[in-house]
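Trainee: Starting off with a structure, shown below.
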Amino acid sequence: MRRVTPALVLGMAALLATAFAAQAAPGNNRSHTDSYGTKATYEPEQDSRSYQRAPAGFTPVFTENVSRHGSRSSTDSSDGDLILALWNRAQAEGQLTAKGREFGPKVQALETAMSGVGYGDLSARGKEEMHDTAVRMAKRLPSLFAAIAKDKEPIDVVSSGQGRAVDSADLYGAALAETDPGLASLIGATRTDKDLLYFHKAAGGAAYRDYIANDKRLAATLASITDQPRTHRAARDVLGKLFEPAFVDRITAGEFSAIGTDVEAATAVYNLYAIAPAMSEESPGGKGWGMDRYISARDADWFGYLSDAEDFYEKGPGFADSDITYRMAGVLLDDFFKKAEAKRDGTSDLGAELRFTHAEEIIPLAALMGLPGSTEGVTAEQPYTYATNSWRGAAVAPLGSNIQWDVYRKGSTYLVRMLYNEKETAFKAGCRPVSKGSKFYDLDELERCFGRTGSAG
């Protein structure tokens, strides 16, 4: 358990006060999709018809990716349990608003749907996301997959071993096989590599786990971000849509602390709002759950910011003077290079390498690679706010998010193009593309840029 003294929290709060005063109103100059944080559902970010053509004479010879699992249900019933416990108490006392009276049955129906899917398992939407992403990959690289089928090149599939990642991998592979029956026998059975794709819980994440559990600066910062007057005002507004004012007063005063505080109860409402789109196809008639009826856009944006802040400090760029949150992703970046280098060096006959994992791996990998939105750490004096930092969970690691390297060859020269959520994306600052504005990079240049030495990296 973290030990955070009141003095430390108060001192951090004083440092943060000025920065929070400058926090832009959530919703201004950004998409409301941001309010869903890393529970945002997946959409490809670029139409492949607008992709750059490979330089003359280059043809694709290999592709590799890492993908977060698709949309899923909540990992447990705790949010529904908390808010329904308060709802049942309010109903018994006649303390529900008109919206509140309809809210309880809707939450019960959503929880029943999630239980039916299986807590933490892929929803129908998540399965579609995996299928459709695989089909788009095949359509983007028709000559590559035709060559894979013709030359009988294996396709390696690997996951974290967690159910939703395994299911995502299996669905992705099956969808690829649908695009060309000649691929079916080449797609290997999904294997597990926790060190590679669940590194935050593996041996390589030991120092990271100690940071999460014991770092006083982290704990004080997150406490100061959450425990602001604005959070309590937003919580009261959320609860006021469901419960009569007198009942909200009692929640705020701590009468029901054994169930949850005002902020915990409002966060539970927000979490149900955030997961609802991932469960849209399980809703009555597939028309959605309408959970946005029970939380204003402004309050959803605020609780989305609080969720983003936690992910930013615990998984993302975090504090500028430390790489503890993303250093462990080096094992995954190293694997990307090793697979590309092996193809170049003629030591691998793989046609594709497909990896399936979680937000806890995608977010630090994005920071380690310096992907858009993941380049800026913060200081204690200038903490993470939407006004001062571009990091957004919904953009960095939505459900189904993915990073892909396509390797092209001409003679003895190998080029790499990166797609991030299916958008052509430049490598980090300091990496030189083959020409100005190009999204293609010589593999030798990437090795230089990322501090590797040939295939020995």
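Trainee: Give the carbon-plus-sulfur fraction of the accessible surface of the chain in %, rounded to a whole number; probe 1.4 Å, heavy atoms of protein chains only.
Mentor: 50
Trainee: Now for a separate question. Enumerate the amide H contacts of Ile187 below 5 Å, restricted to partners 5 or more residues apart or on another chain; note that Pro and chain-start residues carry no placed amide H.
Mentor: It is Ile155, by chain and number.
Trainee: Taking 0.36 nm per intervening residue step and subtracting the Cα-Cα distance, what contour gain separates Ala109 from Cys449 on full extension?
Mentor: Difference between extended and current length: 117.2 nm.
Trainee: Take every DSSP beta bridge with both residues inside the stretch 302-457 and express the antiparallel ones as a percent of the total, to the nearest 5.
Mentor: Within the stretch 302-457, antiparallel bridges account for around 95 percent of the total.
Trainee: Still on this structure, I have one more. Would you kindly derive the ³J(HN,Hα) couplings of the stretch 182-187 from the backbone phi angles with the Karplus curve 6.51 cos²θ - 1.76 cosθ + 1.60 (θ = phi - 60°), listing them in order in whole Hz, with x for Gly and Pro?
Mentor: Couplings: x, 7, 3, 6, 8, 7 Hz.
Trainee: Also: Starting from the 7 Å offset along Cα-to-Cβ, what nm value, one decimal, do you get for the label separation of Ala92 and Ser280?
Mentor: About 3.8 nm, to one decimal.
Trainee: Continuing with the same structure: Give me the accessible area per residue for the chain, probe 1.4 Å, as a whole number in Å².
Mentor: On a per-residue basis, the chain sits at 40 Å².
Trainee: Okay, moving on. Scan around Gly288 for amide H atoms under 5 Å from its own, H built in the peptide plane at 1.01 Å from N, and keep only partners 5 or more places away or cross-chain.
Mentor: Here Ser283 satisfy the definition.
Trainee: Taking R0 as 25 Å, what FRET efficiency do you get between Ser390 and Asp334 from their Cβ-Cβ distance, rounded to the nearest 0.05?
Mentor: 0.40
Trainee: To the nearest 0.05, how large is the calculated FRET efficiency for Ile324 and Arg101 if R₀ is 35 Å and r is the Cβ-Cβ distance?
Mentor: Taking R0 as 35 Å, the efficiency between Ile324 and Arg101 is 0.15.
Trainee: Right, another one. I need the phi-derived Karplus couplings for the stretch 282-299: 6.51 cos²θ - 1.76 cosθ + 1.60, θ = phi - 60°, integer Hz, Gly and Pro marked x.
Mentor: In residue order, the calculated couplings are 8, 6, x, x, x, 9, x, 9, x, 5, 5, 5, 10, 8, 5, 4, 5, 6 Hz.
Trainee: Here is a further query. Quickly work out the Thr413-to-Asp292 label distance, labels modelled 7 Å from Cα along the C-beta direction, and quote it in nm with one decimal.
Mentor: The answer from the label model is 4.8 nm.
Trainee: For the stretch 188-253, just say rounded, prolate or oblate: build the C-alpha gyration tensor, square-root its eigenvalues into a ≥ b ≥ c, call rounded for a/c under 1.5, and beyond that prolate if a/b exceeds b/c, oblate if not.
Mentor: Verdict is oblate for the stretch 188-253.
Trainee: Still on this model: With a ≥ b ≥ c the root eigenvalues of the C-alpha gyration tensor of the stretch 52-185, is it rounded (a/c under 1.5), prolate (a/b larger than b/c) or oblate?
Mentor: Verdict is prolate for the stretch 52-185.
Trainee: For Arg209 and Ala342 in the same chain, what is the full-extension length gain: residue separation times 0.36 nm, less their Cα-Cα distance, in nm?
Mentor: Result for the pair: 44.6 nm of gain on full extension.
Trainee: Expected output is a single nm value to one decimal: the length gained when fully extending between His232 and Glu178, i.e. 0.36 nm times separation in residues minus the C-alpha distance. What is it?
Mentor: 14.3 nm
Trainee: Oh, and also: Which value in Å does the Kirkwood hydrodynamic radius of the stretch 114-153 take, with 1/r averaged over all unlike C-alpha pairs and then inverted?
Mentor: Roughly 12.1 Å, rounded to one decimal.
Trainee: Mind ranking 419-426, 218-225, 287-294 by how tightly packed they are, going by the mean number of other C-beta atoms within 10 angstrom, highest first?
Mentor: Highest mean packing first, the order is 218-225, 419-426, 287-294.
Trainee: Once amide H atoms are built 1.01 Å from N in the peptide plane, which residues 5 or more positions from Lys423, or in another chain, come under 5 Å H to H?
Mentor: Glu45
Trainee: Over the residues of the stretch 77-123, compute the C-alpha Rg and express it relative to 2.2 N^0.38 Å.
Mentor: 1.26
Trainee: Sticking with this one: Quick one: accessible surface of Ile295, probe radius 1.4 Å, all protein chains present, in square angstrom to the nearest 10.
Mentor: Approximately 10 Å² of Ile295 is accessible to the 1.4 Å probe.
Trainee: Let me know the charge dipole size of the chain about its Cα centre in debye, to the nearest 20, where only the beta-carbon of Lys, Arg (+1) and Asp, Glu (-1) is charged.
Mentor: Approximately 760 debye in magnitude.
Trainee: Additional query: Peptides 402-413, 387-398, 324-335, 42-53: what's the order by average Cβ count within 10 Å, highest mean first?
Mentor: 387-398, 324-335, 402-413, 42-53
Trainee: Enumerate the calculated ³J(HN,Hα) couplings along the stretch 423-430 in order (Karplus 6.51 cos²θ - 1.76 cosθ + 1.60, θ = phi - 60°), each rounded to whole Hz, writing x wherever the residue is Gly or Pro.
Mentor: 10, 4, 9, 5, 6, 4, 3, x
The values are calculated or read from the model by the stated rules, or taken from the named source; none is laboratory data. Computed from a prediction, not measured in an experiment: that's the story for all the values here. No Cβ is skipped: glycine too gets one built from the backbone with ideal geometry, and neighbour counts run over all protein chains shown. All accessible areas refer to the heavy atoms of the entire protein, side chains included, with ligands and DNA or RNA removed. Shrake-Rupley method; radii C 1.70, N 1.55, O 1.52, S 1.80 Å.
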